[in-house]
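Structure first, commentary second.
Read-outs throughout are calculated quantities, based only on the coordinates presented, and are distinct from any laboratory measurement. All figures in this text were calculated on a predicted structure; none of them were measured in a lab. Note that each Cβ is placed from the backbone with ideal geometry, even for glycine, and that neighbours are counted across all protein chains shown.
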Amino acid sequence: MSYEAKRCGVQFSPPSIVLFYEDKETKHVRKRVMPVRNFSKYSDYSMAAERLKNNPRHRDYLENVPQSQLEKLHIILRDHMEGLSLEHSLASFRLDPDEDLNKLDDDELARKKGQMDELFEKNRRRKDDPDFVYDVEMDFGKTTQEKCSWDEESDDGF
Amino acid sequence: MAGDIGSIPELDQKKYDSDEQVKIICLGDSAVGKSKLMERFLMDEYRPQQLSTYALTLYKHTATVGNKTVAVDFWDTAGQERFQSMHPSYYHKAHACIMVFDVQRKITYKNLAGWYKELREYRPEIPCCVVANKIDADLKVTERSFNFGKKQGLPFYFVSAADGTNVVKMFREMMKRAVDYKQNPSDFMDEVMQELENFDLEKKEGNSEADEDALKAESPEVV
Ligand SMILES: Nc1nc2c(ncn2[C@@H]2O[C@H](COP(=O)(O)OP(=O)(O)O)[C@@H](O)[C@H]2O)c(=O)[nH]1
Ligand SMILES: [Mg+2]
């Protein structure tokens, strides 16, 4: 049997992760509610996400849902338990290229990194990929180079 | 106590004086990908050693450079970059430096100037390079030229920790330069610098206790 994950979200009470998926045999889109048990505002969201992903009852459905996505949904549930708004949670994930991430505390930084992980995982070449090459070299020196606008307001250091 | 830092074997930096021991440090803002680059280079060998008291992570690697086997310690920060400054012990005895920015975030490029300045205060001569990470996110950036470090003649690498582009090449070249620097302190100027450093050290020995306390006082979150 094979399922294709379409969309996922949360339900606050009882705390659950919700998945819409397509059953590849019947072509029907269905909704699956997966209650998150033993999860409090003190719980480790990354462990909880892993537990859910490996849960024998759910894992077939969650196979192509990235771990980082499940972590995010757990963070939203945890924020809610702490009385924080959904808007707050969503804003904490948003990547603003001008934001100075040096200023964030561990938790805030982990959220941004979690967001970055989506692209990272997508572009990642893994060791067990059949076409994996350890030493990939590419020479960019020869292409005609435009001056980088980041250098424009150049100061002494540049 | 001076023994405080010395009593942690991993931090006994005297070993970096021996020919077979090399220390390479990573610098750059939070989330530019310093740790992912280490992980990509070391792969199965990746066994980071967390020294949370000092907010740093060490990676040990054995390499063959030329016809010599050398033990390379890579030093990576584990949150200390937040203070936009590193403790002097981070720079101490380093033989090369890898400076990283994120091609998706201009601020991390702009902050290189500050990192470079601090590096040169402690290590005026060691080989250093500029690494533009995350090029997989937008290959077009490789058509642009980034001029930071050009004046100082620092080698520049476009890399991606995600797909591996130029990661191994960059690390190998930097290890080679670190070993070269160590074996032939490039010129007279360099010898003078080393003498100055040693002199500085002797002077410091006496008040390293104060240094240690200062580190802890400045960054209580780190403990
Ligand atoms: N797309 C992409 N993302 C990356 C790359 N390297 C790192 N990242 C992302 O950037 C985040 C921060 O990387 P990390 O190594 O923790 O940064 P550090 O704080 O400098 O050590 C990671 O969680 C990844 O999601 C890369 O080469 N490409
Ligand atoms: Mg790191």
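Quick notes on this structure:
- Global geometry of the stretch B:19-183, whether rounded, prolate or oblate, following the gyration tensor of its Cα atoms and the 1.5 cut on a/c: rounded
- Figure legend: label point modelled 7 angstrom from the Cα of residue A:4 along Cα→Cβ; residues of the stretch A:48-85 with amide N under 14 Å from it are A:64-65.
- Neighbours of residue B:22, meaning other residues whose beta-carbon lies under 12 angstrom from its beta-carbon, give a summed charge of +3 when Lys and Arg score +1 and Asp and Glu score -1.
- Among A:115, A:133, A:148 the positive-end extreme of the charge dipole of the stretch A:84-150 (Cβ point charges): A:133
- Extent along principal axes [Cα atoms of the stretch A:1-113; Å; largest to smallest]: 50, 31, 22
- For the stretch A:1-34 versus the stretch B:121-151, the gap between their alpha-carbon centres in whole angstrom: 44
- For the stretch A:3-93, the tally of Lys pairs with Cα-Cα distances below 21 Å comes to 11, considering only residues 8 or more apart or on different chains.
- A Förster radius of 25 Å combined with the Cβ-Cβ distance from residue A:11 to residue A:122 puts the calculated FRET efficiency at roughly 0.40.
- Model label points for residue A:24 and residue A:100, set 7 angstrom from Cα along the Cα-to-Cβ axis, are 4.9 nm apart.
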